[in-house]
Each structure stands twice: as C-alpha cells, then as structure tokens.
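The values are calculated or read from the model by the stated rules, or taken from the named source; none is laboratory data. Fair warning: this is a prediction, and the values are worked out from it, not measured in the lab. Note that we place each Cβ from the backbone using ideal geometry, even for glycine, and neighbour counts take in every protein chain shown.
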Amino acid sequence: IPVEDLKDSLGIVTMSDSIGITAAGWTAMQAHTAICKLPRPIR
C-alpha cells in the first residue's frame with residue numbers, strides 16, 4: 001500500500017471490522033431469542 005493511501009486504507013479496514021462485529025452481535029441476539037423460544041426437551 002502506498003504511504004499516501006495508508007491512512008485511508010486503515011480507516012476502511014477499521015470501519016469494516018466494526019460493522020462485522022456489530023453484525024455478529026445482532027445475529028447472536030436473534031439466535032439467542034430463537035433458541036430460548038424452543039420448547040424444553042422432555043426426558
């Protein structure tokens with residue numbers, strides 16, 4: 001990466017990392033809600 005583009009590249013990577021972590025968090029919350037709504041197994 002050329003030195004003059006380094007700052008912009010780091011900003012893009014940081015933003016995409018933050019968006020990915022946020023998306024994973026929202027997905028985990030939805031999965032947790034769906035799992036908690038499942039009926040309990042009968043043993």
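Return yes when residue 33 is part of a helix (DSSP H, G or I), free of Cβ contacts under 8 Å to residues at least 60 places away in the same chain, exposed (fewer than 10 other Cβ atoms within 10 Å of the Cβ) and hydroxyl-bearing (Ser, Thr, Tyr) and no when it is not. It is true that residue 33 is part of a helix (DSSP H, G or I), free of Cβ contacts under 8 Å to residues at least 60 places away in the same chain, exposed (fewer than 10 other Cβ atoms within 10 Å of the Cβ) and hydroxyl-bearing (Ser, Thr, Tyr).
So, residue 22, is that one surrounded by 10 or more Cβ atoms within 10 Å (Cβ to Cβ), of a type in the set (S, T, N, Q) and modelled with pLDDT of 95 or more or not? Considered against the rule, which asks whether it is surrounded by 10 or more Cβ atoms within 10 Å (Cβ to Cβ), of a type in the set (S, T, N, Q) and modelled with pLDDT of 95 or more, residue 22 comes out as yes.
Going by what's in this entry, would residue 38 be described as out of contact with any Gly (no Cβ under 7 Å at 6 or more places or on another chain) and surrounded by 10 or more Cβ atoms within 10 Å (Cβ to Cβ)? So residue 38 does not fit the description; no.
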